[in-house]
Amino acid sequence: MKKNLLGMTAADLCQVVVELGEKEFRGRQIARWIYCNGVKEIGQMANLPAQFREKLASGYTVGRASILNLSQSKDRTFKLLLELADGESVESVGMLYSDRFSCCVSTQAGCPVGCVFCATGAGGYQRNLAAGEIAGQVLAVQEAGHKESLAEVNGRVSHVVFMGMGEPLLNYEATLKAVHLINSEMGIGMRNITISTIGYVPGIYRLAEEHLQLTLAVSLHAADEALRRKLVPGMTRYSLKDIIQACRDYIKTTGRRVTFEYCLLNRINDSREDAERLVALLKGLNCHVNLIPYNSFPGNVYKKPEKVKIDEFRQILEEVGINVTRRAQKGAGIQAACGQLRGQRNL
């Protein structure tokens, strides 16, 4: 079986070419072809000698996923269904804003956490993704954005959020390597990268020790222990107290503000009392709260609160000085919004 070049750093590629009898600089050339130019075939690497391209292709492949389907919404958000080498499929999202081209990537095929309001968990868990499969989603989104004239002609993905299918910190090594590939090889600033976790405490502590300038986003969805256990059944081993303490320690270690994500569910976690409990939970933390009105998917019973309830919830947080944003709903019409990714065909 051929080895994948996608997922290797420039240093890794330099080692590969030296072992094949070529000069080290050829490895850096290959890295630029893969991560900057987005080539899918070794034969497209025009500045490599033809004989070396043939030799390289005999044992290696670029290993990009195939785009099975592209769906586009009116707001120019688009979703890709990607087929991986073993036939598994994942979804990635491209989001066009006035000031940035953002990409949402998946880290697992399916998800083992099973949040009750999330479409990904409803489909079960298949496996972790490799670093190249994660980073390759950025390349696929960028390619699709250009091909479909969804991005500016010279526009490149500028922001990456690890908020797609799966729990990134349960696939720690591959997630971290993908972060470094996206930053070092693709040239996307570390401050423009966000990792979202449902609250996997060991992963938060481990990430803190990396001292990276990325953004950590922690999905709470409830400030009441019993309710959170009901909504997030796959992460009950860590209490809200454990998660908040991990976040305090993360802030102390890194000096970085933490974002808390809170999906608002009608008559479930959207009351004044819920907001006041959240205020008490986050007291004294250097944080930002991102309110996410629920995005429905077929077969789910939950609903989005009315605007007046969302505004009231937000006001309670702002009155005590908590920075709050309400996430703009993008891509809901093509099932590309938060919580809607399923990675299944024929949906």
Among (1) under 23 Å from the mean Cα position of the chain (by Cα); (2) modelled with pLDDT of 95 or more, Phe297 falls short only on (2)
Among the residues listed as Thr61, Thr77, the single one being of a type in the set (Val, Ile, Thr), out of contact with any Phe, Trp or Tyr (no Cβ under 9 Å at 6 or more places or on another chain) and over 30 Å from Ile198 (Cα atoms) = Thr61
Starting from residues that are hydroxyl-bearing (Ser, Thr, Tyr) and not in a loop (DSSP other than H, G, I, E, B), keep the ones in the range 198-219 and report whichever is surrounded by the most Cβ atoms within 10 Å (Cβ to Cβ).
-> Ser219
Could you list, in sequence order, all residues of the range 54-87 that are closer than 19 Å to Lys2 by Cβ, basic (Lys, Arg) and surrounded by fewer than 20 Cβ atoms within 10 Å (Cβ to Cβ)?
-> Lys55
Considering residues that are among the basic types (Lys, Arg) and either farther than 19 Å from Asp311 by Cα or outside the structural domain of Leu212 (by TED's automatic domain parsing) (or both), the number found within the range 259-298 is 1
Pairs where the first residue, in the range 115-127, is among the aliphatic types (A, V, I, L, M) and the second is not in a loop (DSSP other than H, G, I, E, B), C-beta under 6 Å, 6+ apart = Val116/Leu231
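Can you find, within the range 251-276, the residue that is farthest from Asn295 (Cα to Cα) among those that are of a type in the set (A, V, I, L, M) and in a strand (DSSP E or B)?
Val258
Being free of Cβ contacts under 8 Å to residues at least 60 places away in the same chain, farther than 19 Å from Thr215 by Cβ and not assigned by TED's automatic domain parsing to the domain that holds Ile34, is that true of even one residue in the range 134-143? Let's see the steps before the verdict.
As a first pass, look at the range 134-143 and keep what is free of Cβ contacts under 8 Å to residues at least 60 places away in the same chain: 134, 138.
Adding the requirement that they be farther than 19 Å from Thr215 by Cβ leaves none.
Taking every residue of the range 134-143 in turn, none turns out to be free of Cβ contacts under 8 Å to residues at least 60 places away in the same chain, farther than 19 Å from Thr215 by Cβ and not assigned by TED's automatic domain parsing to the domain that holds Ile34.
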Options Arg64, Arg127; residue that is among the basic types (Lys, Arg) and part of a strand (DSSP E or B) | Arg127
Residue pairs meeting the criteria (Cβ under 9 Å; at least 6 apart or on separate chains; first in contact (Cβ under 8 Å) with a residue 40 or more places away in the chain and farther than 21 Å from Ala144 by Cβ, in the range 28-51; second among the hydroxyl-bearing types (Ser, Thr, Tyr) and assigned to a helix (DSSP H, G or I)) | none
Out of Arg256, Arg327, which single residue is at pLDDT 95 or above, surrounded by fewer than 20 Cβ atoms within 10 Å (Cβ to Cβ) and assigned by TED's automatic domain parsing to the domain that holds His221?
-> Arg256
Since Val279 meets every condition but one in (1) under 21 Å from the mean Cα position of the chain (by Cα); (2) surrounded by fewer than 20 Cβ atoms within 10 Å (Cβ to Cβ); (3) farther than 19 Å from Tyr200 by Cα; (4) aliphatic (A, V, I, L, M), which condition does it not meet?
-> (1)
Please go through the range 17-27 and pick out each residue that is in contact (Cβ under 8 Å) with a residue 24 or more places away in the chain and surrounded by fewer than 19 Cβ atoms within 10 Å (Cβ to Cβ).
-> Leu20
Hey, could you check the range 220-253 for residues that are closer than 13 Å to Cys287 by Cβ and of a type in the set (Val, Ile, Thr) and say which is surrounded by the fewest Cβ atoms within 10 Å (Cβ to Cβ)?
-> Ile251
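If we keep just the residues of the range 33-53 that are surrounded by 15 or more Cβ atoms within 10 Å (Cβ to Cβ) and assigned to a helix (DSSP H, G or I), which is nearest to the chain's Cα centre (by Cα)? Steps first, please.
Start the filter on the range 33-53 by keeping residues that are surrounded by 15 or more Cβ atoms within 10 Å (Cβ to Cβ), which leaves 33-35, 38-40, 42, 45, 48, 52-53.
This time we only want the ones that are assigned to a helix (DSSP H, G or I), so: 33-35, 42, 52-53.
Numbers: Trp33: 24, Ile34: 20, Tyr35: 18, Ile42: 28, Phe52: 36, Arg53: 33 Å.
Within the range 33-53, the match that is nearest to the chain's Cα centre (by Cα) is Tyr35.
The values are calculated or read from the model by the stated rules, or taken from the named source; none is laboratory data. Model, not experiment: these values are computed from the prediction. Positions of Cβ are backbone-derived with ideal geometry, glycine not excepted, and every protein chain shown enters the neighbour counts.
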